[in-house]
Every structure is written in structure tokens, then in C-alpha cells.
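Below is one structure, written out as C-alpha cells; comments come after it.
The values are calculated or read from the model by the stated rules, or taken from the named source; none is laboratory data. Here the structure is a predicted model, which means the values were calculated and not measured. Positions of Cβ are backbone-derived with ideal geometry, glycine not excepted, and every protein chain shown enters the neighbour counts. Each accessible area value is taken on the protein alone, full model and side chains, heavy atoms only, with ligands, DNA and RNA left out. Shrake-Rupley method; radii C 1.70, N 1.55, O 1.52, S 1.80 Å.
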Amino acid sequence: SWPIPYRNLAAVLLQEEKTDEARAVLEDGVEQTRGQPLLVTALAGLLERTGELDTAIENYEKILSEQPDSSLVANNLAMLLIEYRDDPGSLERARELTEKLRGSKQPAFLDTLGWVRYKSGEYVEALEFLEQAVEGQPDSPVLRYHLGMAYFKSGNEVLAKDNLEQALASGDNFRGREEAEATL
């Protein structure tokens, strides 16, 4: 019932490029620990990296049905939905999930709240959440990218440029890097 050995064994298997075995360990761990968030997020991350997005989304939905108050699962599912799907149903589901995150001080949750609003075309409301997220985690290139894009869409080119430059200066290869470069 302890999640750490499952996570560690999966990490070793991934180092040895035994992805299928690592996945099996994580799936077993999720089942044996009754959906420990550490393992749920590790499994979803692995599924995302291997391009099995629908399976990752299904896993999050399953865990959320068993643990409806899990802010972590709601956050991660919402972000998967808006990053990899562009249908109205997925956007609406992401908006619904982020309502659980309102009032949070967690930068990752605030970022998701803001990014869902951004993807919905609500740039001013997005800024409110994204500014708070960056305040809590100012060195995150992804948060700077999200904030920069929201400033850009809101017409504030000076702050957009500043945040996008900070995101790119990190040298990290984050999702959205190409869009940040093109926008600059």
C-alpha cells in the first residue's frame, strides 16, 4: 500500500528503457494503493510521453470518479484536456474541473485556472490567475509563457515580451516554446 517503491521501481525500469514493464508497475501500484496521487500522476505522465493521451485521460477520469475531491487529479486532467484536445466538450470539461481549484494558492493550480480561461478566450480573467501563479513560482518558464501569451492577447505587448523572453531565456524545452518564439 506504499506508493514510493512502485514509483522507484518504475523509474528504474524507465532508465532501462523498459516502458511496458514500468507502465505495468505503475498500473499495479495505482490499484494496490487505491489511487495514490504520486502514482496516478506518474502513470499519466508516462502515458502522455508515450502518446497514449486518451488512456491518460481515462485514468484520470477513473480516479476522479473514485476521489471526486482530488484537486491534483482535477488539475492534471483539466490541463491534459486543454493541451491536447480542441473540441468544445473537452474545453467545457476543463472549465468544470477548474472550478474545484478556485481559491487555491498553489501556482500549478492557478496556472491551470488561467490557462483554461486563456484557451476559452477570456484573457482578462486568465491574467488574474496567471499573474498569481507567476508570483508564486517566478522562475517557471511554462508559467511565464502562459502569462506572456495572455498579456499578448490582452494587447499588453510590453509585458508579453518581458514574460516570453524570460520563458525562453531558461533554455528549457517546454510545450509552447515554438509559439513563444513566433509570438516574440
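Things worth noting here:
- For the chain, carbon and sulfur atoms together expose 47% of the accessible surface, with a 1.4 angstrom probe and every protein chain in place.
- Helix-only CD estimate at 222 nm, as mean residue ellipticity for the chain, using -39500 (n - 2.57) per DSSP H run (n ≥ 4): -24000 deg cm²/dmol
- Rounded to the nearest 20, the Cβ-based charge dipole of the chain about its Cα centre (Lys and Arg +1, Asp and Glu -1) stands at 340 debye.
- Two-site label geometry, E99 and L38: point separation in nm, points 7 Å out along Cα→Cβ: 3.3 nm
- Solvent-accessible area per residue, Å², over the chain with all protein chains present [probe radius 1.4 Å]: 53 Å²
- The calculated FRET efficiency for V124 paired with E21, based on their beta-carbon distance and R0 = 35 Å, is about 0.15.
- Two-site FRET efficiency, E52 against N8, from Cβ-Cβ distance with R₀ of 22 Å, rounded to 0.05: 0.50
- The solvent-accessible area of E135, taken with every protein chain present and a 1.4 Å probe, is close to 150 Å².
- Nearest-0.05 FRET efficiency for V158 and K62, computed from C-beta distance (R0 45 Å): 0.50
- The angle between the Cα long axis of helix 123-136 and the longest principal axis of the Cα atoms of the chain comes to about 60 degrees, rounded to the nearest 10.
- Cα pair count fraction exceeding 16 Å, expressed as % - the stretch 20-124: 56 percent
- S71 accessible area, assembled protein chains, probe 1.4 Å, Å²: 40 Å²
- Computed over all pairs of different Cα atoms, the Kirkwood value for the hydrodynamic radius of the chain is 17.2 Å.
- Full-extension gain in nm, D172 to E83, via 0.36 nm per residue minus C-alpha separation: 30.2 nm
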